[in-house]
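First comes the structure, then the notes that go with it.
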Amino acid sequence: MVSSKIAAAIKQVLDATEADGLLAIEGIRKEFPGVLALDNVKLRVRPGTVHALMGENGAGKSTLMKIIAGIYQPDAGEIRLRGVPTVLKSPLDALEQGIAMIHQELQLMNWMTVAENIWIRREPKNRFGLIDHSKMITMTEELFTRLNIVVNPHAQVSELTVAQKQMVEIARAVSYESSVLIMDEPTSALTDREVQHLFSIIRSLRERGIGIVYITHKMNELFEIADEFTVFRDGKYVGTHSSKDVNRDDIIRMMVGRDITDMFPKIDCPIGDVVLEVKNLTIPGVFHDISFSLRRGEILGLAGLVGSKRSNVAEAIFGVTPATSGEILVEGTPVVIDSPSAAMSHGFAFLTEDRKETGCFLILNCLENIQSALITRSHVKAGFVEQSTVTKLAEDMAATLRVKTPNLYEAVENLSGGNQQKLLIARWLLTKPRILILDEPTRGIDVGAKAEIHKLITGLAAEGVAVLMISSELPEVLGMSDRVVVMHEGRVSGVLDRAEATQVKIMDLAAR
Amino acid sequence: MNTTTQSIAQVDRSRRRLPPELTILLVLVGISLTFEILGWILQGQSFLGNTQRLSIMILQVSVIGIIAIGVTQVIISDGIDLSSGSIVGATAMISMSLAQMGSYERALYPALTDLPVIVPVAAGLLVGVVCGVINGFLIAYTRIPPFIATLGMMVTARGFAKWYTKGQPISFPTESFAAIGKGLAPVLIFLVVAAVMHIVLRYTRYGKFTYAIGANRHAARVSGINVERHTVKVYAVAGLLSGLAGIVVASRGLTAQAGMGTSYELDAIAMAVIGGVSLSGGRGSIAGTLIGMIIFGVIISGFTFLRLDAYYQEMLKGVIIVAAVVADMYRQRKRAKA
């Protein structure tokens, strides 16, 4: 009787596993202030498969992975592990339940040895309760042999190459007897040979019944290593297919396929003379031979995938991290830009990519945030800020841009993302720039604010400002730009006119 | 109307938040009243009613207060200055050595006696500024943490002060030099310094840059602020004020010793922290530090007044410093959640 009950229970679990696979995600929703990152998404990973997760930047892939790894908690939805509903309270909890994540930024402790990194918190002890180093080394060697990894267990992690570090992370994940392994763009820093080695390890893990979730941008990798794939777009689930059933174009269409509505009120305005010319801009190892020109009234889109170093180019032009070689010409005259301050004196303004990290002074109020760039150049007499004049300018600009805040003395951290972004734009408009560099001007802000910012950018171009706009959202690039420069791994891979630019063409140049 | 959806066009200045200084002021009032009540119970007399006691109290803390003003702006810029106490020692020695009377036959520099008071003062201030500039340069251009750079200066400046006369004290200043620290003069100097710095931090570009760098170094740089150059200035000003404190200390004591100012840096940092200056930068004010300084003074004179053991005083000081930082962390976490 008892045994039949147990058998029934086992059968129930097995049936559930059959239906669910190894890991089932259902109806997951995650909202961050001002942005819905995941909206009712699902994912199903079967044991012994590699499941690729695809989507444009900002599609919500990384957010979902962080939920599965226990870093974020979902606002709604269910995670089932082998058919059993599970709450993953923390990364440690996830690890103990058999889910391990290999991060894009590797998470090893640099000044410790390889063996110490792998067995941390689980070090073998000798009979005095002290750590048994020789046993730890042996265990590491066994693990590495099993995985066909060649790394010295005694080596300090700081001495390893990126590929070796990745192997160590994988070994650590396997040592937890994980059944689900999440890899977030594992090949982004590897050479072709290292990639092949990684793939052979992934294949051997697959044979051992481990389910691997593999995030990637690269099409050829998808076809080489993945059994199935799921596509997300704008935080929503698009579809799941076997990678045998589709081709490259199908996937691109799934990733970008959406209509461009009147989100982008691009008005054609007269395009004037060349204001900015960039020639062979290079920082060895980062980007190479970047050349393009920008005209008065033109919006030049700069497209590319994460890792294409678009932002580095913008930072070089603005003098945050100056290029080591190449030329920058403003209105035909070569200029030296070795600091943001120098760039500003040539009429540049730069809206940085990361609003919170490099843009806002979160703990200061709106007024301080708006005026910070202006008072480096003007409106100061004998060291004293001409506060009443500056305040008036700031108030007018905030009103023009329709910043919503109770008053200008509110701390910026209390504002929504869209309003923070408008404040930063206000900061730069007060300096009356000739060349405006916008890095992801609408990232992480809601649709309404997006449309307003788009209208604003178009208006500025109409007034004769030259705009260089970096964006990871293809519809934005297509909807706003007069021309599009596409970058791939630190080089310009193509320039498209507004007439010829399509999402597929851009993706083609960006993903190679 | 919902205030968050209100347009900026209707700016409403009245809705500014209550400043954190107000909370600290309440703490000060609470501590003072506690001593007042204990005074009546244990001593049968008023604590606050005695103006002489209050002026002595202010005098006791005003020299460290001068340093605390400099340290406040350093901490606002997301730095720290551990060297101020040692700079006091060094500048006390230098300025006193140039301020000796000609009638004193064993003067350190017999040829340089009875100099006009401007000479020792300028020399003291100059040494302070040089120390500050070195701090600033190390921090801004070699990128070593402020804690380490100023720790190095702390040890070096103290060593310099001891080396200067091989440990011998220097005494017998001219009358005009002795006047600098006489009576309530240090209080007056402190008030002038505090008032000037209050205006500088609030209304000048220097102040705006200091807060901006402390709030977000990277954003400050992208805004076109020369972060490195400004950092040097901030530490130079802190050094200048430490130098000024050294002059006042030497003058008041009528003698200079190499050990002068020992642990002043910690008291100065404590005053700023108690006054609500955030150790993570970007937040704080001279008003807050002023209140923090008075809290310090009240505790010292209150314990003396109650004839309690001085050891309790130190222990309570320690507790209050930690409590102030915990309160700051709590405030930040609450903000982060909002």
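Bear in mind that the values in this text are calculations on the coordinates, not laboratory data. Note that the structure is predicted; figures quoted are calculated from it, not measured. Cβ atoms come from the backbone with ideal geometry, glycine included; neighbour counts cover every protein chain shown.
Numbers at a glance
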| quantity | calculated |
| --- | --- |
| For the range A:364-478: rounded, prolate or oblate by the Cα gyration tensor [a/c cutoff 1.5] | oblate |
| C-alpha long axis of helix A:192-207 to longest principal axis of chain A, angle in ° | 40 degrees |
| Contact order normalised by residue count of chain A, Cα under 8 Å, 6+ apart, percent | 16 percent |
| Per-peptide average of other Cβ atoms within 10 Å, ordering B:66-72, A:468-474 highest first | B:66-72, A:468-474 |
| Alpha-carbon Rg/Rh ratio, for chain A, with Rh computed the Kirkwood way | 1.02 |
| Under 10 Å, Cβ to Cβ, from A:Ser416 - net charge with Lys/Arg +1 and Asp/Glu -1 | +1 |
| Förster radius 41 Å - calculated FRET efficiency between B:Val325 and B:Val119 (Cβ-Cβ, nearest 0.05) | 0.45 |
| Radius of gyration and maximum dimension Dmax of the range A:110-176, Cα, Å | 11.4, 37 |
| Pairwise centroid distance, computed over Cα atoms, of the range A:169-218 with the range A:391-432, Å | 46 Å |
| Angstrom value of the Kirkwood radius, inverse mean 1/r, which spans all Cα pairs in the range B:169-298 | 16.4 Å |
| Net +/- balance of residues flanking A:Ser291 in space, Cβ distance below 12 Å, scoring K and R +1, D and E -1 | -1 |
| For A:Val385, residues with placed amide H under 5 Å, excluding near neighbours | B:Thr204, B:Arg205 |
| Positive dipole terminus of chain B, leading residue within B:Asn216, B:Leu54, B:Leu184 (C-beta point charges) | B:Asn216 |
| A:Gly494 long-range amide H proximity, modeled H, under 5 Å | A:Val486 |
| Neighbouring partner chain Cβ atoms per residue of B:222-233, average, 10 Å criterion | 6 |
| Dimensions (Å) - the range B:144-227, Cα atoms, principal axes, largest first | 53, 32, 15 |
| Top positive-direction residue, dipole computed over the protein assembly as shown with Cβ charges, set A:Ser472, A:Ile201, B:Ser83 | B:Ser83 |
| For chain B, the fraction of alpha-carbon pairs in successive 10 Å shells from zero, as % | 6, 24, 30, 23, 12, 4, 1, 0, 0 |
| Value at 222 nm in deg cm²/dmol, rounded to 500, when DSSP H runs of n ≥ 4 in chain A each add -39,500 (n - 2.57) | -10500 deg cm²/dmol |
| Rounded to whole Hz, the Karplus (6.51, -1.76, 1.60) HN-Hα couplings of the range A:127-144, x for glycine and proline | 6, 8, x, 9, 5, 8, 5, 5, 5, 4, 5, 4, 4, 5, 4, 4, 4, 5 |
| Prolate/oblate/rounded label for the range A:259-384 (Cα gyration tensor, a/c 1.5) | rounded |
| Under 14 Å, Cβ to Cβ, from B:Asp78 - net charge with Lys/Arg +1 and Asp/Glu -1 | +1 |
| Size of electric dipole in chain B: Cβ of Lys, Arg +1 and of Asp, Glu -1, about Cα centre, debye, nearest 20 | 1160 debye |
| Karplus 3J(HN,Hα) series, Hz, for the range B:192-205 with 6.51 cos²θ - 1.76 cosθ + 1.60 (x for Gly, Pro) | 5, 4, 4, 5, 4, 5, 4, 5, 4, 5, 8, 10, 10, 4 |
| Cα centroid separation, the range A:433-512 to the range A:344-366 (Å) | 19 Å |
| Spatially proximal aspartates and glutamates relative to B:Lys317 (Cα-Cα < 18 Å; intrachain offsets below 8 disregarded) | B:Glu265, B:Asp267, B:Asp309, B:Asp328 |
| For chain B, calculated [θ]222 nm from helices alone, where every DSSP H run of n ≥ 4 adds -39500 (n - 2.57) | -22500 deg cm²/dmol |
| Separation between Cα centres of the range B:286-304 and the range B:91-137, rounded to whole Å | 31 Å |
| Pair A:Thr145, A:Arg193: separation of 7 Å Cα→Cβ label points (nm) | 2.5 nm |
| Calculated from backbone phi, Karplus (6.51, -1.76, 1.60) coupling profile of the range A:37-43 in Hz, x at Gly/Pro | 7, 9, 10, 6, 9, 9, 7 |
| Of A:Lys266/A:Lys432; A:Lys66/B:Lys233; A:Lys279/B:Lys208; A:Lys42/A:Lys266; B:Lys182/B:Lys208, those spanning more than 32 Å from alpha-carbon to alpha-carbon | A:Lys66/B:Lys233; A:Lys279/B:Lys208; A:Lys42/A:Lys266; B:Lys182/B:Lys208 |
| Computed P(r) (all Cα pairs; the range B:102-183; 5 Å bins; percent) | 3, 12, 16, 20, 17, 13, 9, 7, 3, 1 |
| A:Leu468 long-range amide H proximity, modeled H, under 5 Å | A:Leu300, A:Leu436, A:Ile437, A:Leu438 |
| Sites A:Asp273 and A:Trp111, calculated FRET efficiency, Cβ-Cβ separation with R0 56 Å, nearest 0.05 | 0.55 |
| Förster radius 51 Å - calculated FRET efficiency between A:Ala499 and A:Asp75 (Cβ-Cβ, nearest 0.05) | 0.75 |
| Cα gyration tensor category, rounded, prolate or oblate, for the range B:79-215 with a/c compared to 1.5 | oblate |
| Average beta carbon contacts from partner chains per residue of B:273-279, 10 Å cutoff | 0 |
| Chain B: most fluctuating residue of B:Ala256, B:Ala287, B:Ala90 per GNM, C-alpha cutoff 10 Å | B:Ala287 |
| GluC sites (Glu not before Pro) restricted to DSSP loop in the range A:98-149 with at most 13 other C-beta within 10 Å | A:Glu105 |
| All-pairs alpha carbon distance profile, the range A:363-432, 10 Å steps from 0, percent | 22, 57, 19, 2 |
| Residues A:Trp111, A:Trp428, B:Trp163, sorted so that the one with the fewest Cβ neighbours within 10 Å comes first | A:Trp111, B:Trp163, A:Trp428 |
| Residue with peak Gaussian network fluctuation, chain B [Cα springs, cutoff 10 Å], from B:Asn50, B:Asn135, B:Asn216 | B:Asn50 |
